[in-house]
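The values are calculated or read from the model by the stated rules, or taken from the named source; none is laboratory data. Since the structure is predicted, the reported quantities are computational estimates derived from the model, not experimental observations. So basically every Cβ, Gly included, is an ideal-geometry build from the backbone, and we count neighbours across all protein chains shown. The accessibility values were calculated without ligands, DNA or RNA, using every heavy atom of the protein model including side chains. Shrake-Rupley method; radii C 1.70, N 1.55, O 1.52, S 1.80 Å.
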Amino acid sequence: MTNNYTLPAEWYPTDGILLSWPHKNTDWAYMLDQIEQCYIDLVRAIQPYAPIVIIGPNVEDIRTSLRKAQIKQTSNPIVLFQVPTNDTWIRDYGIITTLDEDGTPVYNDFCFNGWGLKFAADKDNLVNRALFNAAMLDSGPYYSRLGFVLEGGSIDSDGAGTILTTSKCLCSPNRNDYTDHESAEFTLREFLGAKRVLWLDHGFLIGDDTDSHVDTLARFASPETILYVKCDDANDFQYNELSAMEEELRQMRRADGKPYNLVGLPMPYPKYDPDTDDRLPATYANFLIIGDRAVIVPTYGQPDKDAEALKLIGQAFPEHEIIGVNATALIQQHGSIHCATMQLPRNALTLLPNNDHTHA
C-alpha cells in the first residue's frame, strides 16, 4: 500500500533551510573557529535565496558569531532556536517533510541512532519535537516515527514517487535489521509515499561513516537525470565499487521505462585528515538544492576539479544559480554541504520575527 504522500524533490519551492551550529561540546571543539567560518560562509551563500533557521544550545553564542561576521537581517530572515544538540549533521536528524494530496506538509520525525549506533544521538533525536512544540513548524500533522531509523542523507527523491537509496545503509544491521529490500520498501511506501524504490548495492567513499549515504554518491537533478560520483582512476581503492555503481545506474529505468540521463561528477583529488592522515570522503554530490532558486556546491580548494563540478552541476540545473562554498573544514568530520543542511518545503515553516529569544 502507498499512502497519498509525496516526498518532494529538493528543487520543490522551499520555506527555509535548517542549520545546526557547531559548538564546544561537539566533535568540532578542536577546530571551532575554522568550522564556524565555514558555517558563516554557508549562511552567506544561502541567505539571498531562503530564510534560515539556526539551532544550537546557546543562541547568544550564535548571535555573537553572526554579528562579528556582519551578517545582517534581510528579506530572508535568520531565526535562532535554542535547543541542545549532539552534533551538526541536521540532514540526518532533521524533520523529513512530505506533502499530502492537498499539498499540506506532513512532518515525519524518524529515529536517528548515530548512523547505526556509532555516535551519541540522544539530544539530536529531540530536536524535531522541540521545533514542533515551539510552533516553528507550520500546522500540518506531526508523526513520531521513532520505531524506524531513517536519515535524510540516506534517501533522495525525484518528487514524482521514486526514491533512490543504498542497500548498505538501509539494510545495515544496526539500524532496522532489515534483511531484504522488500521490508524497507514497505516502510518507505507507507511513510513517504514511495511508488518506486531504486537500490544501489555498490558504491562507497573511503572515510565515510554513514554506510554509504546516497547523498554522497548519486543525486536526482530532475526525474530524468541523475548526477553521480565517477571514478576514472583504476588505481584508486574506490574504483571498483564506484564503477559497479555506475553500471547499476546505467541499468536503472525511469518510471516511463527509459534510461536515466547520467552525469558523472569528478572525483576530488584525495583529501586527508591533517592530524591522522586518514583519507576523507570528499564528494561533489553532497550539494544542497535551495528549491527552485540555487544550488550550493561543496568545493575543496582544487581549482580544476571544483570548476568542472560547478560547470556540470550548472548544466544539470540551468534555471538555478550555482554557488560554491569551500567545504574543506566540513569534510574533516566526514560530511559536507548537504549533510549540514535540511530544507523545509513551501508552507512548512513558521517564522517568529518578533520573538527576541529566537530571532538573530
Starting at the first residue of the range 106-111, write each ³J(HN,Hα) from the Karplus equation 6.51 cos²θ - 1.76 cosθ + 1.60 with θ = phi - 60°, in whole Hz, x for Gly and Pro.
10, 9, 10, 9, 7, 6
Simple label model, 7 Å out from Cα along Cβ direction - ASN76 to ARG279, nm
3.5
Indicate, rounded to the nearest 5 percent, the antiparallel portion of the DSSP beta bridges found entirely in the range 267-342.
45
How large is the translational diffusion coefficient of the range 265-360 in µm² per second when you combine the Kirkwood radius over alpha carbon pairs with Stokes-Einstein at 25 °C and 0.890 mPa s?
164
Ratio to report: Rg/Rh of the range 212-268, with Cα atoms as the point set and Rh obtained by the Kirkwood method; give two decimals.
0.98
Per 10 Å bin, what is the whole-percent P(r) computed from every C-alpha pair distance within the range 81-206?
12, 43, 35, 10, 0
Sort 174-187, 211-224 by packing, meaning the average of other beta carbons within 10 Å per residue, with the highest value first.
211-224, 174-187
Could you give the length gained by full extension between ALA307 and LEU146, i.e. 0.36 nm per residue of separation minus their alpha carbon distance, to one decimal place?
53.8 nm
Rounded to the nearest 5, what % of the DSSP beta bridges within the chain are antiparallel ones?
45
Within 15 Å, Cβ to Cβ, of THR187, how many net charges do the neighbouring residues add up to if Lys/Arg are +1 and Asp/Glu are -1?
-2
Can you compute 3J(HN,Hα) from phi for each residue in the range 167-174, using the Karplus curve 6.51 cos²θ - 1.76 cosθ + 1.60 with θ = phi - 60°, rounded to whole Hz and x for Gly and Pro?
5, 4, 8, 5, 9, 6, x, 9
Relative to the compact-globule estimate 2.2 N^0.38 Å (N residues), the Cα gyration radius of the range 149-292 stands at a ratio of 1.04
For the range 99-245, what proportion of DSSP beta bridges, expressed in % and rounded to the nearest 5, is antiparallel?
45
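Just check the range 88-130 against the gyration tensor rule for me: Cα atoms, a ≥ b ≥ c as the square roots of the eigenvalues, rounded for a/c under 1.5, and otherwise prolate or oblate depending on whether a/b exceeds b/c.
Because a/c hits 1.5 or more and a/b exceeds b/c, the range 88-130 counts as prolate.
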Within straight-line cross-link reach of LYS230, aspartates and glutamates at Cα separation under 17 Å, skipping those fewer than 8 residues along the same chain:
ASP201, ASP208, ASP215, GLU241, GLU246, GLU247, GLU248, ASP304, ASP306, GLU308
Return the carbon/sulfur percentage of the accessible area of the range 208-360, one whole number, probe 1.4 Å, all protein chains in place.
45
Report the charge-dipole magnitude of the chain in Debye, nearest 20, computed about the Cα centre from +1 at each Lys and Arg Cβ and -1 at each Asp and Glu Cβ.
760
Given a 10 angstrom Cα cut-off, can you work out which residue in LEU32, LEU227, LEU18 is the most mobile in a GNM of the chain?
LEU32
For the range 28-79, what does the accessible surface come to per residue with a 1.4 Å probe? Please give it in Å².
45
